[in-house]
Amino acid sequence: MSAISERRERERAQRHQLIITAARELAEAEGWEAVTTRRLAERVEYSQPVLYSHFTGKDDIMRAVAIEGFGELATRLRRARLTDPASPAALHAVCRAYLEFATEQPALYQAMFMLPTDVKFAHAETPPPLRAAFDEFVNCFHPDNQRRELFAEVTWSALHGIAALTESGRIPPNGQAERLDFLVTQIAATPRPGV
């Protein structure tokens, strides 16, 4: 690849990232309804055709935002997990990090888990960042537990429920720590069938 081609590829990747970042910032500030290709084009100071050369539309942009979010979530969960990957303390730390992530970045969380998307979950086509985030939950359970993916899935589902219900005001945010302690205690105390 020539130096000119490399430079063009770098510039294209920078534009691509600039659009994703602008979409995230606009969504966090004003909600996903405010994110339009016209507003993004104005914000990044490129024409709409340039924007469409990177993304087919808003859904495609939201998909890119979600995948970037899954990568950030995976990194955050990995850091939260303690040195012993199969312990209640590690599970508690990962669960707390998940809920903090959902609370701190509600628009990003919406793109990842609540808004319509074509991102495949629990599928052969699951994007690697999403699988990496899920694996952080799996790694909190003992490797001998043949149902550790099920345990991880149920834990993630419960956390998502807590995050969504808290965000919508259906459960009070001040009970988060107690809910988290209860969830981890119950999951960690569950016998490991199939061991």
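Every number here is computed from the coordinates shown, using simple stated rules; none is lab data. Please read all numbers here as calculations on a predicted model, not as lab measurements. Quick reminder, even Gly has a Cβ in these numbers, built from the backbone with ideal geometry, and neighbours come from all protein chains shown.
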GNM on the chain, Cα springs under 10 Å; top mean-square fluctuation among Arg78, Arg147, Arg38 goes to Arg38
Residues of region 2-36 with backbone N under 19 Å of the label point set 7 Å from the Cα of Tyr52 along Cα→Cβ are 16, 19-20, 35-36
So the angle from the long Cα axis of helix 148-167 to the longest Cα principal axis of the chain, reported in degrees to the nearest 10, equals 70 degrees
Measuring from its Cα centre, region 102-145 shows a charge dipole (+1 at each Lys and Arg Cβ, -1 at each Asp and Glu Cβ) which, in debye to the nearest 20, is 100 debye
With Cα coordinates, the longest principal axis of the chain makes an angle with the long axis of helix 128-138, in degrees rounded to 10, of 10 degrees
Relative contact order in percent for region 65-195 (Cα pairs under 8 Å, 6+ apart) equals 31 percent
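Show me the ranking of peptides 116-127, 177-188, 148-159 by mean Cβ neighbours inside 10 Å, starting with the highest. Mind dumping the intermediate values first?
Numbers: 116-127: 11.7, 177-188: 15.2, 148-159: 17.8.
For the peptides 116-127, 177-188, 148-159, the packing ranking is 148-159, 177-188, 116-127.
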The alpha-carbon center of region 25-39 and that of region 145-195 are separated, in whole Å, by 31 Å
If unit charges are put on Cβ atoms (+1 for Lys and Arg, -1 for Asp and Glu) and the dipole of region 108-190 is taken about its Cα centre, the option from Thr166, Asn139, Thr155 lying farthest towards the positive end turns out to be Thr166
Longest principal axis of the chain (C-alpha) makes with the long axis of helix 88-104 (C-alpha) an angle, in degrees to the nearest 10, of 30 degrees
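Determine the dipole magnitude for region 1-55: charges of +1 sit on the beta-carbon of Lys and Arg, -1 on that of Asp and Glu, nothing else is charged, the reference point is the Cα centre, and the result goes in debye to the nearest 20.
Values: 9 positive and 9 negative charges, 50 e Å.
With Lys and Arg at +1 and Asp and Glu at -1, about 240 debye.
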In region 1-55, taking the dipole from +1 charges on Lys and Arg beta carbons and -1 charges on Asp and Glu beta carbons about the Cα centre, the listed residue (Ala23, Val50, Ser2) farthest towards the positive end is Ser2
Those GluC sites (Glu not before Pro) from region 42-85 that are DSSP loop and have at most 10 other Cβ neighbours within 10 Å turn out to be Glu45
Treating only Lys and Arg (+1) and Asp and Glu (-1) as charged, each at its beta carbon, one finds that the chain has a dipole about its Cα centre, in Debye to the nearest 20, of 240 debye
